[in-house]
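Trainee: Just dropping this structure here.
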Amino acid sequence: MNKEEDKNWLKSEGELAVDVYSTDKEIIIQSAVAGVKSEAIDISVENDMIIIKGNRPNPETDKDKKYFLQECYWGDFSRKIIIPDEIDPSRIDAVVKEGILTVRIPRIVRDKSKVKIKEVK
């Protein structure tokens, strides 16, 4: 490991909370990303998986704070989601509106063809 890898080895990364659902035509992923700029979010496709990564900067820089309760996650986050259907990655659409990330993934629907069985005498 080099020095940069040593520093990042212990660095924690939050897991992005998501809702994933489907319609007849698409799979939709939604997540609350308030405080994250769209340019700080990276979405990629690897095999049958969508990977969402980003960073939510902490607006506070005061290191002398003594928390009673801390539930908000600040820093790097990611989420890997397995997509159960065949998709076309070039048609994925992602939008952030009012702090909600919505990723629309069009499903590829192929006609199911029947195999004709021949009877041999």
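Trainee: Restricted to segment 67-84, and to residues that are of a type in the set (D, E, K, R) and either at pLDDT below 90 or within 16 Å of D48 (Cβ to Cβ) (or both), which residue is surrounded by the most Cβ atoms within 10 Å (Cβ to Cβ)?
Mentor: Only one residue fits best here, namely R79.
Trainee: In the list T23, T102, which residue meets the criterion of being among the β-branched types (V, I, T) and within 29 Å of S12 (Cα to Cα)? Walk me through how you get there before you give the answer.
Mentor: Values: T23 fails: within 29 Å of S12 (Cα to Cα).
Answer to the selection: T102.
Trainee: In addition: Any idea how many residues of segment 10-42 are farther than 15 Å from I105 by Cα and β-branched (V, I, T)?
Mentor: 3
Trainee: Surrounded by fewer than 14 Cβ atoms within 10 Å (Cβ to Cβ) and either of a type in the set (V, I, T) or under 23 Å from E13 (Cβ atoms) (or both): is that true of P57 in this structure?
Mentor: On the way: surrounded by fewer than 14 Cβ atoms within 10 Å (Cβ to Cβ): yes; either of a type in the set (V, I, T) or under 23 Å from E13 (Cβ atoms) (or both): yes.
In short, yes.
Trainee: State which residue is modelled with the highest pLDDT when the search covers only segment 33-47 and only residues that are closer than 10 Å to K80 by Cα and surrounded by fewer than 13 Cβ atoms within 10 Å (Cβ to Cβ).
Mentor: S44
Trainee: Okay, moving on. Listed residues I51, I87; which is hydrophobic (A, V, I, L, M, F, W, C), surrounded by 11 or more Cβ atoms within 10 Å (Cβ to Cβ), within 19 Å of D19 (Cα to Cα) and modelled with pLDDT under 95?
Mentor: The match here is I87.
Trainee: Can I ask one more? Among the aromatic types (F, W, Y) and in contact (Cβ under 8 Å) with a residue 24 or more places away in the chain: is that true of Y73 in this structure? Walk me through it before giving the result.
Mentor: Details: among the aromatic types (F, W, Y): yes; in contact (Cβ under 8 Å) with a residue 24 or more places away in the chain: yes.
Taking the combined requirement at face value, the residue satisfies it.
The values are calculated or read from the model by the stated rules, or taken from the named source; none is laboratory data. It should be emphasised that the depicted structure is a prediction, and the values quoted were computed from it without experimental measurement. A quick note on method: Cβ atoms are made from the backbone with ideal geometry, for glycine too, and the neighbour counts reach across all protein chains shown.
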